[in-house]
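Here the structure is laid out as structure tokens; the discussion comes afterwards.
The values are calculated or read from the model by the stated rules, or taken from the named source; none is laboratory data. As the structure is a computational prediction, the values presented were derived from the model and not from experiment. Glycine also receives a Cβ, built like all others from the backbone with ideal geometry; neighbour counts cover every protein chain displayed.
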Amino acid sequence: MIRIFDIASKDLLQLLRDRKIFMFLLIMPIAFTLLFGFASGAFSRSTTDPRLPVGFLDEDHSRLSRSLHDLLAASEVIRLEQGKASTTADLENLVTGEKLAAAIIVPSGYGHKVLDGKPAKLTLIGDSGATAGLSVESEALAAAIHLDSAVRTAMIMEQVAGDKAPFDYTYEQALAAWQEPPIRVTETTSSAIKKQAGGAQALAHTSPGMMLQFAIAGLLTCAQILVTERRSRCLQRLLTTATSRLHILLGHFLAIFALIFCQFLLLISFGQFALHVNYLSAPGATLLVAFSAALCIAALGLLIGTLAKTEEQAIIFSLVPMFVLGGIGGSMVPLEVTGRTFQTIGHISPVAWAMDGFKNILLRGQGLESALLPSVALVGYAALFFVLAARRLSTAEEK
């Protein structure tokens, strides 16, 4: 064990003297996380109304037209834009210029027709074949039906109960009842997601993605140490001592693992306290995924070091996995936006399993159990890479 720690401490001292290691492990992931965050609007404090902008022109100026306006103004789908147009032609120009999704016009005499029980039509300006036009049409139709039903209810109650249920009172009560319908669809999300502001949620993919991608890129310095050790015949001289090949591999592996795991801890702390990405919502799960990912990446670095014969090859063998494994593993673009086939292919990359583990915690609000499967997959990859590195080193030394 002492020989393993001696080799690991020697590697760590050699790595920490190289400025490139800090650039790839700390500076670059932080810089790219901030860059992608600004690009996605994660740091923007401005809030936008997601409702469709709709023009509204009241040519009736009656009590019922004002009630219709109030019903439409309370919609969660459309947002009434008033004061932008005073004529039908102005509204048509705004809709044609795509400054409004559609426009609703209440024609003169609308209120009287509704009170007389006659068909009363609204004028809608927009593309009824488009999604936005259909949404506006649906909202206008629903508001008109609510208004008509309130009028019909008030008339019937006044006929039946007389002064005990005057029209004005019953009409207002019927309109108010529509604000609290007997059946309401409520959308709920995980409490873990509610704790995150919009910016933090936007960074919940970018932060772990850049952390994993540049952890792989940082392996080029680690791999160069192994290449230099073999080319200088230091490895061969070391094998003539009582140090076994397994001790040498474990020593190098421990150094790379310690470096990657410390990088993860620092970047997780930066994400938690500087970017407000909620890694600590499930600290045990976060540490488990980070630990497993560090094992996997360290074993990959060991394999790269045994495969590369020159420092140039070590650089290539480190950068290629960074882009290939990171790209198909979803470190830059979420796999959820791709098809099922690409998602399956993407999980060939260990990066995809690490991203699954982190996103289960950050985006889906899950706990330790959600990290078990990704961690097992990462440990499996780590064992595979380590065995391949051991076989490669053994073969290289026999030649």
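Rundown of residues vs (1) exposed (fewer than 14 other Cβ atoms within 10 Å of the Cβ); (2) of a type in the set (F, W, Y); (3) modelled with pLDDT of 75 or more, yes/no style:
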{"position": "R3", "(1), (2), (3)": "no, no, yes"}
{"position": "A8", "(1), (2), (3)": "no, no, yes"}
{"position": "D11", "(1), (2), (3)": "no, no, yes"}
{"position": "L16", "(1), (2), (3)": "yes, no, yes"}
{"position": "F24", "(1), (2), (3)": "no, yes, no"}
{"position": "P29", "(1), (2), (3)": "no, no, yes"}
{"position": "F36", "(1), (2), (3)": "no, yes, yes"}
{"position": "A42", "(1), (2), (3)": "no, no, no"}
Kindly check whether there is at least one residue in the range 333-344 that is more than 14 Å from the chain's Cα centre (by Cα), of a type in the set (A, V, I, L, M, F, W, C) and surrounded by fewer than 21 Cβ atoms within 10 Å (Cβ to Cβ).
-> yes
Could you list, in sequence order, the residues of the range 230-248 that are modelled with pLDDT of 75 or more and not β-branched (V, I, T)?
-> S244, R245, L246, H247
Name the pairs whose Cβ atoms lie under 7 Å apart, with the first residue in the range 373-393 and closer than 17 Å to L288 by Cβ, the second hydroxyl-bearing (S, T, Y), and 6 or more positions between them or separate chains?
-> S375/S292; L378/S292; V379/S292
In the range 374-396, is there at least one residue being under 19 Å from T206 (Cα atoms), at pLDDT 90 or above and of a type outside the set (K, R)?
-> yes
Restricting attention to the range 121-144, does a residue exist that is over 24 Å from A174 (Cα atoms), among the hydrophobic types (A, V, I, L, M, F, W, C), out of contact with any helix residue (DSSP H, G or I) (no Cβ under 6 Å at 6 or more places or on another chain) and surrounded by fewer than 15 Cβ atoms within 10 Å (Cβ to Cβ)?
-> yes
So is S128 closer than 30 Å to L57 by Cα and modelled with pLDDT under 80 or not?
-> yes
Looking at the range 348-361, is at least one residue surrounded by 20 or more Cβ atoms within 10 Å (Cβ to Cβ) and farther than 17 Å from A290 by Cβ?
-> yes
List pairs: first in the range 68-96 and more than 24 Å from G109 (Cβ to Cβ) and in contact (Cβ under 8 Å) with a residue 60 or more places away in the chain, second among the hydroxyl-bearing types (S, T, Y) and crowded, with 16+ Cβ neighbours inside 10 Å, Cβ under 7 Å, 6+ apart or cross-chain?
-> V77/S135
Right, G305: farther than 30 Å from L34 by Cβ and surrounded by 21 or more Cβ atoms within 10 Å (Cβ to Cβ) or not?
-> yes
Counting only residues that are closer than 22 Å to V151 by Cα, give me the helices (runs of 4 or more DSSP H) lying completely in the range 45-129 with at least 2 of them.
-> 63-73, 110-115
